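Below: one structure, written as structure tokens.
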Amino acid sequence: MSVNPANWTAEERAAFYARRASRNRALGILLFSLVALFFGITVVRMTGQPLPQHQAGEQAQ
């Protein structure tokens, strides 16, 4: 494969775009997974254990 993309054959160009699409899909899945993980952690922390009684009274005031 030539360094200059203008000199690539149709097969080389197709292979390049296929590799790029594959990497983009992998990065998209990784980013979506991280967002889902952080969202899940946030939801669990916000709906987790209730405050102890001595702190719950302070929060209400």
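Each reported figure results from applying straightforward, stated rules to the coordinates on display, with no laboratory input. Small disclaimer: the values here were computed from a predicted structure and weren't measured. Positions of Cβ are backbone-derived with ideal geometry, glycine not excepted, and every protein chain shown enters the neighbour counts.
Could you compute the net charge surrounding ALA6? Neighbours are other residues with a C-beta less than 15 Å from the C-beta of ALA6; K and R count +1, D and E count -1. All intermediate terms of the calculation are to be shown ahead of the outcome.
Working: positive: ARG13; negative: GLU12.
Charge balance in the 15 Å sphere: 0.
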- [ ] Would you calculate the separation in nanometres between label points at VAL3 and ALA26, each defined as 7 Å from the Cα along the Cα-to-beta-carbon direction?
- [x] 2.5 nm
